[in-house]
Amino acid sequence: MNNMEGGNSKWKFLKDNKQVFYSIALMIVVPGIVVLNTWLFSESFRDTVDLSLQDKAVGIGQSVNAGLSDKLDSAENIQSFINDWGKYNEDTRSLNVFFREGDGFKLVASMNNQEDIGKTENTFNYYTAWNSDLPVAQKIYESDGKVNRFYWLVVMPLKDLSGEKQALLSMKISADIINTKLAVALGSSYWILLLTVVFIVLLLLANSRMFEYSILYNKIKEVDAMKDEFISMASHELRTPVTVIRGYIEMLINDSEKLSKEENKEYLSIVDVSAERLAGLIEDLLNVSRIEQGRLKMEMKEMDIWPMVEETVKEMKIQADGKGLALSCSIDEKAKAIINADKDRLKQVLINIIGNSIKYTPSGSVEIKAINRDKNLVLIIKDTGIGMTSKQREHLFEKFYRVKTEKTADIVGTGLGLWITKQIIELMKGTIMIDSMENVGTQVTLEFPLVEK
């Protein structure tokens with residue numbers, strides 16, 4: 001399993017600050033709903049107006065039909081009616097009357113195109129209206145390059161007083177006035193929409209301090225939890241070595257004359273181990289403070305890491321032998337091991353990781369090997385220890401976190417080592433990944449950029 005710590009930390013941030021994201025979502029969703037509602041209303045309103053205009057256009061066509069029903073036998077009478085109609089109906093932009101002639105329609109009277117009288121036209125709308133015996137209304141627009149003009153084109157059969165089709169009407173009725181009023185109405189609604197959105201955003205921004213309080217509250221909760229963890233850890237990890245030191249020092253003071261030289265040496269050795277443990281704990285706490293405040297000094301130098309690995313393994317072999325573990329290290333013959341690193345901090349990392357492998361491996365082996373991959377030095381520390389579950393791995397790099405099971409109950413630790421280790425590795429431009437299976441073992445992979453020669 002790859003280290004999921006980056007993804008888990010993001011999820012934790014989202015979870016801890018859900019109130020902030022909820023508020024931000026409101027700032028997006030509420031104005032969005034208002035915008036969507038206005039847009040839907042505008043489109044519905046526009047469709048309703050178009051239907052109304054269509055009905056009006058057809059109604060005007062029917063009025064023309066009524067006025068011409070007794071004049072359809074004479075082109076002159078039709079033209080006279082059209083001329084009078086144009087004087088009193090400014091919305092009518094064109095009005096043409098055709099007689100059916102052969103396969104087409106011959107223009108016999110026109111409002112604006114009298115020079116085309118006598119010409120025959122073959123238009124699909126004409127055939128549709130004539131054959132269906134029903135009006136055809138279509139919204140069209142024309143442009144002169146500067147102004148777009150909207151019209152309703154009405155094509156319908158003209159019938160005489162007996163109801164027989166005698167001619168075909170084609171007329172354009174201007175929709176400019178209605179469209180202008182519609183545009184004004186919609187423009188006003190959009191301005192109201194904009195003001196509404198602005199007021200909503202301002203209202204939410206006015207409560208932005210709530211976001212700060214939410215973040216601050218979550219930070220306080222986190223600090224409070226860390227404080228409880230620290231107190232719990234300190235009460236155990238600090239008290240134990242201090243108690244041991246005080247107890248044995250008291251024995252040495254009060255009973256020194258009764259104790260043999262070997263007993264004195266043994267007691268002092270125990271005191272020394274406890275003091276070293278106490279010093280390590282204090283150093284860990286100081287390192288946490290230095291890292292968080294950006295004060296951890298790093299002296300980066302080019303170095304061959306492998307001699308340090310071998311040296312660390314030799315130093316820790318006694319600890320491994322004491323548990324009956326096989327501790328070994330190997331390097332690929334073709335591997336290069338020159339990296340930029342802080343010697344002392346790198347040694348601290350190796351001791352911590354190899355020490356953890358030994359600490360959490362009851363039996364079996366701990367193996368360290370080095371290879372090159374994609375211009376990086378890859379250092380692998382693999383053990384046959386107790387391993388971890390996927391749930392435990394999620395929290396592995398959190399401060400004060402320790403895997404707590406029956407198998408780890410007697411293993412001492414602060415829960416700071418891996419957090420410090422990860423920070424140091426990243427300061428050296430490296431990465432750390434941990435694969436682990438419960439009751440199978442753990443593999444720690446460190447990766448550092450190689451120095452190109």
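Every read-out reported here was derived from the displayed coordinates using simple, explicitly stated rules and does not represent laboratory data. Bear in mind that the values here come from a model prediction, so they are computed numbers and not experimental data. All Cβ positions, glycine included, derive from the backbone under ideal geometry; neighbour counts span all protein chains shown.
List of remarks:
- The calculated FRET efficiency for the pair GLU276 and ARG239, based on their C-beta separation and a Förster distance of 22 Å, comes to about 0.85.
- FRET efficiency for the ASP73 to LEU194 pair, using the beta carbon distance and R₀ = 51 Å, is estimated at 0.30.
- For LYS429, nonlocal amide neighbours, meaning residues 5 or more places apart or on other chains whose placed amide H falls under 5 Å from its own, do not occur.
- Compared with the alpha-carbon gap, the fully stretched path from LEU268 to THR48 is longer by 69.5 nm at 0.36 nm per residue.
- Rough spin-label spacing in nm, given labels placed 7 Å along Cα→Cβ, for MET298 and THR123: 7.9 nm
- Near GLU263, once Lys and Arg are set to +1 and Asp and Glu to -1 for all other residues with Cβ below 12 Å from its Cβ, the sum equals -1.
- Checked against a 19 Å cut-off, the cross-linked pairs LYS391/LYS429; LYS347/LYS375; LYS334/LYS369 give Cα-Cα distances beyond that limit for LYS391/LYS429; LYS347/LYS375.
- Applying a DSSP loop filter and a limit of 15 other Cβ atoms within 10 Å to the GluC sites (Glu not before Pro) in segment 280-365 leaves GLU299, GLU333.
- Between the amide H of SER94 and those of LYS172, distances stay under 5 Å, these residues lying 5 or more places away or on another chain, with hydrogens modeled in the peptide plane.
- Fewest-first ordering of LYS71, LYS56 by other beta carbons within 10 Å of each residue's beta carbon gives LYS56, LYS71.
- By the beta-carbon count within 10 Å of each Cβ, the least crowded to most crowded order of ASP332, ASP284, fewest first, is ASP332, ASP284.
- Scalar couplings 3J(HN,Hα) for segment 251-268, obtained by applying the Karplus form with A = 6.51, B = -1.76, C = 1.60 to θ = phi - 60°, are 5, 5, 6, 7, 10, 4, 5, 8, 8, 6, 4, 5, 5, 4, 5, 5, 5, 5 Hz; x denotes Gly and Pro.
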